[in-house]
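Reading through the C-alpha cells given below for one structure.
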2 protein chains.
Amino acid sequence: MRIYLAGPDVFLPDAREVGAREAALAARFGFEGVFPLDGAAPEPGDWRAIAATCEGMIRGCAAIAANLTPFRGPSADPGTVFELGFARALGLPAFGYSTVAASLRERVPDATRDAGGRWRDPDGLEIEDFGLADNLMLEGAIAASGGVMLRVPHRDDPWRDLAAFEACLSAMRRVLKG
Amino acid sequence: MRIYLAGPDVFLPDAREVGAREAALAARFGFEGVFPLDGAAPEPGDWRAIAATCEGMIRGCAAIAANLTPFRGPSADPGTVFELGFARALGLPAFGYSTVAASLRERVPDATRDAGGRWRDPDGLEIEDFGLADNLMLEGAIAASGGVMLRVPHRDDPWRDLAAFEACLSAMRRVLKG
C-alpha cells in the first residue's frame, strides 16, 4: 500500500537521507512510502510543475501521513496542510503526527484572555482552545477519515527524530491493515 | 454563483460584521459569498462537527476565495490552507489574496544563505525563493485551477481592509463570468 509522506522534511539540507530513512521505516510497517522528492524532477524553478507532480503523487497513494510539527510559527507547514486537505477531499484516510506535544493554544505566543474568557493572539484573533495540535479543520479531517493524530515529543531534533512518525505508522498499520 | 470565503476572518472579534461586509462586496460582483460562520451552528466545542460543516459548505460552492494573508508567522492560516487544498482536489477554481505584498522568502525572519546560495531559516530548512506569496503548493494549485493569486497591501488593518479581497472578486468575475 502506497502512502504519501507529506511534510516540511523536503526542506532539510539532508532531505533525501531523511526521506530514505522514512521510507525504510514505512517498509517495516508494510507500506511503500512516497516522498515528495521521489517525483519526476521538473525544470529547476518550475514551481507549477513541482506542484502538479505532488498533486499527482497524492492521487497515486492510498493514504497520507502528514508531518504537522510546528513550522516557522505555531502551526504546521502550509504545503503539508494543503496536501492534507487535498488528500481528504479525495477520500484518502489521513493520519498526522507532530514532534511537539503542546496544543495549538499553548503554543501561540503572547496569548491573552478577553472579557469573555476567549484566548486571543496579539492581533485580537481568537485562538482555538480545543486541546488540538493545530486548527480544527486538520484534526477534524483526520478523525472523519478514520485516521489518527499523534504527538510524540522529540528528543534532540524536531526534524529528524522519527519517533512520532513511527507511532503514526503503527496507527496506520492498525487502522488500514487491521 | 456560490463562492466559499475561506480565511482567518472567522477568528476576529467582529467576525460576523466582517463576513457581512465581505458578502455584500461579493454580491456587488455577482457572487453569493458563503462565510464559514454561516453554517449550521453545532454544539459549542464540537470541533468535529464544525470541520464537517465547513467541508460540506465547500462542496456546495462553485469556487473558493482564500484569504492567504500571513497569520501568526510567515505563512497563511492553516485552516484556510486546508480548505484551499480540499477545494482544489474537488476541482473548484481557486483564487487567493493577501493584504501583504512581500514574498514568502522576504517574510521569513533571520533568513541566511547557505554555501550553495539557498535561503535557509534558523532551523536550516530551505526557504522557497520563487517570489510567491507562500508555499508553492498553494499558488501552484491556484494557477492550475485557472485562478489568480493577488497581493494588495493593506492600509491600516491587515484583517479588515478589503482592497485585496475586492481585487480577488474582480479577478473571479473576469475568469468565471467573462
- Message: I'd like the trypsin sites (Lys or Arg not before Pro) in the stretch B:134-178 restricted to DSSP loop residues with at most 12 other Cβ atoms within 10 Å, sorted by number.
- Response: B:Arg155
- Query: What is the average number of partner chain Cβ atoms found within 10 Å of a Cβ in B:52-59?
  - Reply: 2
- Query: What list of ³J(HN,Hα) couplings, whole Hz, do you get for the stretch B:41-52 from phi and the Karplus terms 6.51, -1.76, 1.60, once you set θ to phi - 60° and write x for glycine and proline?
  - Reply: 6, x, 4, x, x, 8, 5, 5, 5, 4, 4, 5
- Would you kindly derive the ³J(HN,Hα) couplings of the stretch B:82-98 from the backbone phi angles with the Karplus curve 6.51 cos²θ - 1.76 cosθ + 1.60 (θ = phi - 60°), listing them in order in whole Hz, with x for Gly and Pro? 4, 5, 5, x, 4, 5, 4, 5, 6, x, 6, x, 10, 10, x, 8, 9
- Carbon plus sulfur, as percent of the 1.4 Å-probe accessible area of the protein assembly as shown, comes to 50
- Expected vector for the stretch A:146-158, Karplus 3J(HN,Hα) from phi with 6.51, -1.76, 1.60 and θ = phi - 60°, integer Hz, x for Gly and Pro, equals x, x, 9, 10, 10, 10, 10, x, 6, 8, 7, 10, x
- Part-to-part distance (alpha-carbon centres) for the stretch B:127-145 and the stretch A:18-41, which is given in Å: 24
- Query: So what is log10(I(q)/I(0)) for the protein assembly as shown at q = 0.08, 0.13, 0.14 1/Å, when the Debye sum runs over its Cα atoms only?
  - Reply: -0.35, -0.99, -1.17
- Query: Counting only other chains, what is the mean number of Cβ atoms within 10 angstrom of the Cβ of each residue in peptide B:129-138?
  - Reply: 5
- Per-copy distances of the B:Pro153 label point, shortest first, in nm (7 angstrom along Cα→Cβ): 4.4
- Label geometry 7 Å along the beta-carbon vector: B:Asp38 inter-copy distances in nm: 4.1
- Teacher prompt: B:Ala49 distances to equivalent labels in other copies, 7 Å Cα→Cβ, nm: 4.9
- Shielding score for A:69-76, defined as the mean number of other chain Cβ atoms within 10 Å: 6
- Query: How far is helix B:15-28 tilted, in degrees, relative to the longest principal axis of the Cα atoms in chain B, given as a value from 0 to 90 rounded to the nearest 10?
  - Reply: 80
- Query: 222 nm [θ] for chain A, helices only, -39500 (n - 2.57) per DSSP H run of 4+, per residue, to 500?
  - Reply: -11500 deg cm²/dmol
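The values are calculated or read from the model by the stated rules, or taken from the named source; none is laboratory data. All of these numbers come straight from a predicted model, not from anything done at the bench. Backbone-built Cβ (ideal geometry, glycine too); neighbour counts: all protein chains shown. Please note that ligands, DNA and RNA were not included when accessible areas were found on the heavy atoms of the full protein model with its side chains. Shrake-Rupley method; radii C 1.70, N 1.55, O 1.52, S 1.80 Å.
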